[in-house]
Amino acid sequence: MIITNIESIPNREIISHFGVVSGSTVRAKHVGRDLMAGLKNIFGGELVEYTELLNESREEAMGRMKKEAQSLGANAILNVRFSTSSVAAGASELYVYGTAVKIA
Amino acid sequence: MIDIIIVLTLLLLGFIFGSIAEKNHYKSIRRRENLFKHIPTIGLKNPINPDNIRTTRLVVGNVVISVDYFKRFMAFISNIFGGNVSSYETLIDRARREAILRLKEDAKGASEIINLKLEASSINKSAKGSIGSIEMFAYATAIYRKK
């Protein structure tokens, strides 16, 4: 499965389109993680826990998108975009979408 | 009285640790930016030379950085008088450069990185006692060429 955010894959031809595929996760924060974040809030610096949390969530969203593409019979996802929105206080949605295609 | 002492202590702590952290971070950013200087990173959608491409891959990098107490206080002051909030400018600059650097680390061995997109989101902005932290997320396509 080739995933890219450009509109075509160089030197490969697109055989068929399957339309938009997407994946999303909504993640809430962890109390323990929040406590550390509160401390960091005084001293500044990177919030490693949050970096990891968001990274994992994004990977999960990508996994869901990949699964959808695979079930359609695609072997590549082009023009992938990410978007983040905060649903409620303390929870955020990570959304990823792209176009599933079959390439030669 | 005690309240004022607590606030002043937090301000002092924030100022000292915050500026040390920022200085070290900028130092590390500059060092690593030099390390990855040889990989062209561009916002164009198409590779410079479409021949000889072995494969492409989505590469990502993200970072969450929190502002310190002192900077938040300075931002609050700026909010009253208006003008540039320089304390937040450096925070966002650091986050952006760090995210791009992590993306480049992810793209090890790539000959170029194209279609770089950056996205910022503030974490927990609607909650009470909100945390002044932002997430910066960078994604792009890495191009690997045939040897």
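The values are calculated or read from the model by the stated rules, or taken from the named source; none is laboratory data. Just so we're clear, the structure is a prediction, and the values are computed from it rather than from any experiment. Heads up, the Cβs are rebuilt from the backbone with ideal geometry, glycines too, and the neighbour counts pull from every protein chain shown.
Assorted remarks:
- Test for A:GLU59: is it part of a helix (DSSP H, G or I) and free of Cβ contacts under 8 Å to residues at least 24 places away in the same chain: yes
- Residue within the range B:73-90 that is within 9 Å of chain A (Cβ to nearest Cβ) and not hydroxyl-bearing (Ser, Thr, Tyr) present: no
- Residue list for the range B:43-64, filter: farther than 11 Å from B:ILE143 by Cα, surrounded by fewer than 19 Cβ atoms within 10 Å (Cβ to Cβ) and at the interface with chain A (Cβ under 7 Å from one of its Cβ atoms): B:LYS45
- Positions within the range A:48-74 being out of contact with any Gly (no Cβ under 9 Å at 6 or more places or on another chain), surrounded by fewer than 16 Cβ atoms within 10 Å (Cβ to Cβ) and of a type outside the set (A, V, I, L, M), in sequence order: A:GLU52, A:GLU56, A:GLU59, A:GLN70, A:SER71, A:GLY73
- Positions within the range B:22-42 being more than 9 Å from chain A (Cβ to nearest Cβ), in contact with a helix residue (DSSP H, G or I) (Cβ under 8 Å, 6 or more places away or on another chain) and farther than 18 Å from A:THR4 by Cβ, in sequence order: B:TYR26, B:ILE29, B:ARG32, B:GLU33, B:PHE36
- A:ALA74, sole failed condition from (1) touching a strand residue (DSSP E or B) at 6+ places or on another chain (Cβ under 6 Å); (2) among the hydrophobic types (A, V, I, L, M, F, W, C); (3) not in a loop (DSSP other than H, G, I, E, B): (3)
- If the condition is being in a strand (DSSP E or B) and under 20 Å from the mean Cα position of the chain (by Cα), then the range B:22-78 contributes B:THR41, B:LEU58, B:VAL59, B:VAL60, B:GLY61, B:ASN62, B:VAL63, B:VAL64, B:ILE65, B:SER66.
- Filtered residue count, the range B:79-124, keeping only those that are assigned to a strand (DSSP E or B) and over 15 Å from the mean Cα position of the chain (by Cα): 4
- Within the range B:56-105, the set of residues being among the polar types (S, T, N, Q) and at pLDDT 85 or above comprises B:THR56, B:ASN62, B:THR90.
- Answer from A:LEU54, A:LEU94, A:LEU35, A:LEU72 - the residue that is at pLDDT below 90, aliphatic (A, V, I, L, M) and farther than 16 Å from B:TYR139 by Cβ: A:LEU35
- Between B:GLY18, B:GLY61, the distinction of being under 17 Å from A:ILE42 (Cα atoms) and touching a helix residue (DSSP H, G or I) at 6+ places or on another chain (Cβ under 6 Å) belongs to B:GLY18 only.
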